[in-house]
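To start, the structure under review is shown below, and the notes come after it.
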Amino acid sequence: MAAIDCGTNSIRLLIADLPDPSAGPTAPLTDITRRLEIVRLGQGVDQTGRLAPEAIERTRVALAGYAAEIQKQGVDRVRMCATSASRDASNAADFRAMVERTLGVAPEVVTGDEEARLSFTGAVRGLPADAEPPYLVVDIGGGSTEFVLGTREDGVEAAISVDIGCVRMTERHLHGDPPTPAEVAAAEADIAAAVDRALTVVPGRRAGTLVGLAGSVTTVVAIAQGLHEYAPERIHHARVSYETVAGVTADLLGRTRAERLEIPVMHPGRADVIGAGALVLRVIMERAGMSALVASEHDILDGIAWSLAPSPS
């Protein structure tokens, strides 16, 4: 099967085999390929309310490559979920038509609640045994951040999606290179207000473990570990303290974009928005009272994949 996650900043593909149902509830997916392209579909959406034609074209080019890989691998089932940017855009129909022409299936523009639940499913399956429940899963995207509280056994207890993401916060507040202290303070206040609203719906302060998802989190963790190249196996389920996250955040916000590009693990398409993403993570940890987080390389993409599993008979 193939899962595609099209967010505000990136579009990702997972082609995998599902485990045999007899393998039990903790059996993993068998990855065939994982791919990521930074297409910035949400470019300017926060200001204009529309998807830019050039952003739709960048997404089309990436999706055409994914469609070729899906055909090559002989995939049985495909599900594509589109998230924050395509929820917010007044011309989402143009995006939908492009996807149907290019991929042959319609994209599902999922609600924030569904996005949160898919992220939770992908993240908690396979968490280490010492990860104390309940889990607060936070998925920091380009346009929005999802908060989900729950356990493996009982599933999702509460979930919410709020409009704070690395692209949205950068476009809204962080205009300097590097951003000025006043810009950072404005972004932090905006983020803190949204996080506090989220934590009134999702009681994350009583979570036993904070699980962080998506590129902002994994990049911060890779920097914290001093990696010379991006190594998913080193990042997946790594624990990082609040103090370390705060230090990395301050360093990123103090650098120019060119200086951030010099960081060995920095994806070129993330360099201009990583400061905002790190700031979202730091503020979440502060407001939720979390002294550490567990990073996960498995997220909504894996949740989309698991959603294609046959229902138990």
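Points worth noting:
Listed here are the residues, each with its yes/no results for (1) in contact (Cβ under 8 Å) with a residue 60 or more places away in the chain; (2) polar (S, T, N, Q); (3) under 26 Å from Gln73 (Cβ atoms); (4) in contact with a Ser or Thr (Cβ under 9 Å, 6 or more places away or on another chain).
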position	(1), (2), (3), (4)
Ala3	yes, no, yes, yes
Gly7	yes, no, yes, yes
Pro19	no, no, yes, yes
Ser22	no, yes, yes, no
Thr30	no, yes, yes, no
Thr33	no, yes, yes, no
Arg40	yes, no, no, yes
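- Taking first residues from the range 183-202 that are more than 18 Å from Asp139 (Cβ to Cβ) and partners that are open to solvent by 30 Å² or more (accessible area, probe 1.4 Å) and outside any helix (DSSP H, G or I), the Cβ contacts under 6 Å between residues at least 6 apart in sequence or on separate chains come to Glu183/His173; Ala186/His173; Ala187/His173.
- 2 or more residues open to solvent by 50 Å² or more (accessible area, probe 1.4 Å): qualifying strands (runs of 3 or more DSSP E) within the range 8-113: 30-38
- Meets criteria (assigned to a helix (DSSP H, G or I), without any contact (Cβ under 8 Å) to a residue 40 or more places away in the chain and of a type outside the set (Asp, Glu)) for Val217: no
- For the range 135-151, the criterion of a residue being touching a Cys at 6+ places or on another chain (Cβ under 9 Å), within 30 Å of Gln71 (Cα to Cα) and modelled with pLDDT under 90 is satisfied by at least one position.
- Taking the numbered list (1) surrounded by fewer than 17 Cβ atoms within 10 Å (Cβ to Cβ); (2) in contact with a strand residue (DSSP E or B) (Cβ under 9 Å, 6 or more places away or on another chain) in turn, Ala116 passes all entries but (1).
- When residues in the range 76-103 are screened for being farther than 26 Å from Glu146 by Cβ and either aromatic (Phe, Trp, Tyr) or at pLDDT below 95 (or both), 2 of them pass.
- Selection over the range 147-161 of residues that are touching a residue at least 40 places away in the same chain (Cβ under 8 Å) and open to solvent by less than 10 Å² (accessible area, probe 1.4 Å) gives a count of 3.
- Only one of Pro128, Pro178 that is in contact with a Gly (Cβ under 9 Å, 6 or more places away or on another chain) and not in a helix (DSSP H, G or I): Pro178
The values are calculated or read from the model by the stated rules, or taken from the named source; none is laboratory data. Here the structure is a predicted model, which is why all the values come from computation and not from measurement. Note that we place each Cβ from the backbone using ideal geometry, even for glycine, and neighbour counts take in every protein chain shown. Protein only, heavy atoms only, side chains kept; ligands, DNA and RNA dropped before computing areas. Shrake-Rupley method; radii C 1.70, N 1.55, O 1.52, S 1.80 Å.
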